[in-house]
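Taking it in order: structure first as structure tokens, then the write-up.
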Amino acid sequence: MGFRFRRSIRIAPGLRVNVGKRGVSLSAGVRGASVTVGPRGTYTNVGIPGTGISYREKVGGGSEQRRTARTQQRLEREYERLERERIRQEALSKIKLSLDKETGELQIENSFGGPLSRQDLKLVWDQKRSAILEWLQQQAEEINGDVEMLTSIHHDTPSPNSEPEYEIVPFDEPSPEQPKQPEATSKPQLRLMPPLGFFARLFKNKRSTYEKQQQQLREEHERALLFWEETERKKIEDYQTRLQEHADLKKDWENRRNDYEAKEADKKASFHELLRTSEEVMNKTLEDALNSLSWPRETLVSYQITNQGQRVWLDVDLPEIEDLPQKVASVASTGKKLNVKTKAVKQLQLEYAQHVHGIAFRLLGTVFATLPTADTVVISGFSQRLDSSIGRIRDDYLFSAKTKRGQYSNIDFDALDKVNPVDALGGFEIRRKLTTAGVFKAIDPFEPQEGVGSGLEM
């Protein structure tokens, strides 16, 4: 077997004339199975398209018919073998991966959902190891959940020395749509009958009938032309009317837009003053800031602004410890399964303490960065826990911290990755009973002096 360059001229389905340096040969057959007759003899060719796998054998010599029959049988067997190999390769190219997330065991099946032989399994690992390892790593990340994000939620806390700017809301009413100019229809064309022939003109009655038909065609064309002109005139008049209506609508729309933009400009100009004097603006701005936070778990925050905006009280319904990922997974050293383990109780409790303190830390920063009048912020976090003495779920406050702007501003907000939120809140005036193992005991929170807070879900 060898590689050759040749030109082919297709002359019929399944039949080709091949022009080469050694002469002209004839090939017949379908793609993957053919017979070639040429100066060097007769050859049978079998191959699987797209795989590079092929088989070729010369036919000729004595006992031609017997050899041809035996060759045909071998070709058929070889073709069947190659077809089975093609199907096998196709099945292996689209394997299915599944994972038992309790044990971490990996299951590999072919594209038809069937098990693989030991030989095929080895072939898969040889060819697709990196892809399988990448898939296993993704499965491990899903099992581990978003622990890193949960325990580093405070990294996105804004500096308390910043101040919000009023963002002008664009005028969102669409401009009136320009009416489309109507398309002109084709002008009716006069289509007369062809001239009479020489012999037809010799007969008076034929000439008379011909003239009447021609006249009838002229009258029909005249009526069609009048109708077309009237239709085009009405279309133009209607278009002009719609243009005038659009101009009036556009003018009204522009007036509304200009009024709206002028009001938005006034709001922007007076925003910083109103943020310091208007409780309505304070509440609305803080609500918008809390709603805009990117938050990993749904959290209920109740807040109250008192003392002309100088003091803010926050109550946070914290997630339960059961909401955190309970297992930890890693790719085994063999690279062929996951090691899945239930987290140690202490590890889970410490991650939970890190997360809930991170929530409080970030909310404190958001309040100080949003309300320039806020001098003191009190934040209290509670969670639903089982009271074993009565067998009921109750709200237990886990911490209650009070801090002033100056104290909170001492934190380096350019290095929040080095800040431990548990320690940070511990530096404020705080009520908290937290063991070194991360276990919370219920506490009594700081109490607001007046009013009732409003609820806000994030």
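The values are calculated or read from the model by the stated rules, or taken from the named source; none is laboratory data. Note that this is a predicted model, so its numbers are computed, not measured. As a convention, Cβ positions derive from the backbone with ideal geometry for all residues, glycine included, and neighbour counts pool all protein chains shown.
List pairs: first in segment 182-210 and in a loop (DSSP other than H, G, I, E, B), second at pLDDT 85 or above and of a type in the set (A, V, I, L, M, F, W, C), Cβ under 6 Å, 6+ apart or cross-chain?
Partner pairs satisfying both residue conditions: Pro188/Ala224; Pro188/Leu225; Pro188/Trp228; Leu192/Leu217.
Among the residues of segment 398-420, which ones are under 38 Å from the mean Cα position of the chain (by Cα), farther than 23 Å from Pro372 by Cα and surrounded by 13 or more Cβ atoms within 10 Å (Cβ to Cβ)? It would help to see each step written out before you state the result.
Pass one, segment 398-420, residues under 38 Å from the mean Cα position of the chain (by Cα): 411-420.
Still in the list and also farther than 23 Å from Pro372 by Cα: 417-420.
Within segment 398-420, Val419, Asn420 qualify.
Matching residues to (1) in the same structural domain as Asp323 (by TED's automatic domain parsing); (2) more than 27 Å from Ile305 (Cβ to Cβ); (3) assigned to a loop (DSSP other than H, G, I, E, B); (4) touching a Gly at 6+ places or on another chain (Cβ under 7 Å):
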position	(1), (2), (3), (4)
Ile393	yes, yes, no, no
Phe399	yes, no, no, yes
Phe413	yes, no, yes, no
Glu447	yes, no, yes, no
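Do we find that Ser152 is small (Gly, Ala, Ser) and either buried (at least 16 other Cβ atoms within 10 Å of the Cβ) or closer than 30 Å to Thr403 by Cβ (or both) in this structure? Before you say what the answer is, go through the steps one by one.
Numbers: small (Gly, Ala, Ser): yes; either buried (at least 16 other Cβ atoms within 10 Å of the Cβ) or closer than 30 Å to Thr403 by Cβ (or both): yes.
Judged against the criteria, Ser152 is a match.
Go through (1) surrounded by 11 or more Cβ atoms within 10 Å (Cβ to Cβ); (2) not in a helix (DSSP H, G or I) one by one and return the number of the condition Glu220 breaks.
If we test Glu220 against (1) surrounded by 11 or more Cβ atoms within 10 Å (Cβ to Cβ); (2) not in a helix (DSSP H, G or I), just (2) comes out false.
How many of the residues making up segment 258-306 are outside any loop (DSSP other than H, G, I, E, B) and either of a type in the set (Gly, Ala, Ser) or closer than 24 Å to Thr157 by Cβ (or both)? Can you show your working first?
Restricting attention to segment 258-306, the residues satisfying the condition of being outside any loop (DSSP other than H, G, I, E, B) are 258-277, 279-291, 300-306.
When the remaining residues are screened for being either of a type in the set (Gly, Ala, Ser) or closer than 24 Å to Thr157 by Cβ (or both), the result is 262, 265, 269-272, 275-276, 281-291, 300-306.
Qualifying residue count for the region: 26.
Can you pull out every residue in segment 141-150 that is hydrophobic (A, V, I, L, M, F, W, C) and within 22 Å of the chain's Cα centre (by Cα)? Don't jump to the end; show me each part of the working.
First pass over segment 141-150, keeping only residues hydrophobic (A, V, I, L, M, F, W, C): 143, 147, 149-150.
Listed by number, the residues that qualify are Ile143, Met149.
Only one of these is assigned to a strand (DSSP E or B), touching a helix residue (DSSP H, G or I) at 6+ places or on another chain (Cβ under 6 Å) and either surrounded by 21 or more Cβ atoms within 10 Å (Cβ to Cβ) or modelled with pLDDT of 95 or more (or both): Ile430, Ile379. Name it. So that I can check it myself, show each step before the final result.
Working: Ile430 fails: touching a helix residue (DSSP H, G or I) at 6+ places or on another chain (Cβ under 6 Å).
One residue alone meets the criteria, Ile379.
Please specify each residue of segment 279-313 satisfying the condition of being surrounded by fewer than 21 Cβ atoms within 10 Å (Cβ to Cβ), in contact (Cβ under 8 Å) with a residue 60 or more places away in the chain and hydrophobic (A, V, I, L, M, F, W, C).
Ala289, Leu290, Leu293, Trp295, Leu300 - these are the residues of segment 279-313 that are surrounded by fewer than 21 Cβ atoms within 10 Å (Cβ to Cβ), in contact (Cβ under 8 Å) with a residue 60 or more places away in the chain and hydrophobic (A, V, I, L, M, F, W, C).
Would you mind finding the one in Val345, Val328, Val316 that is buried (at least 21 other Cβ atoms within 10 Å of the Cβ) and either touching a residue at least 40 places away in the same chain (Cβ under 8 Å) or more than 30 Å from Leu286 (Cβ to Cβ) (or both)? Lay out the reasoning, then the answer.
Numbers: Val345 fails: buried (at least 21 other Cβ atoms within 10 Å of the Cβ); Val328 fails: buried (at least 21 other Cβ atoms within 10 Å of the Cβ).
Answer to the check: Val316.
Does Ala437 satisfy the condition of being in the same structural domain as Met282 (by TED's automatic domain parsing) and at pLDDT below 95?
Considered against the rule, which asks whether it is in the same structural domain as Met282 (by TED's automatic domain parsing) and at pLDDT below 95, Ala437 comes out as yes.
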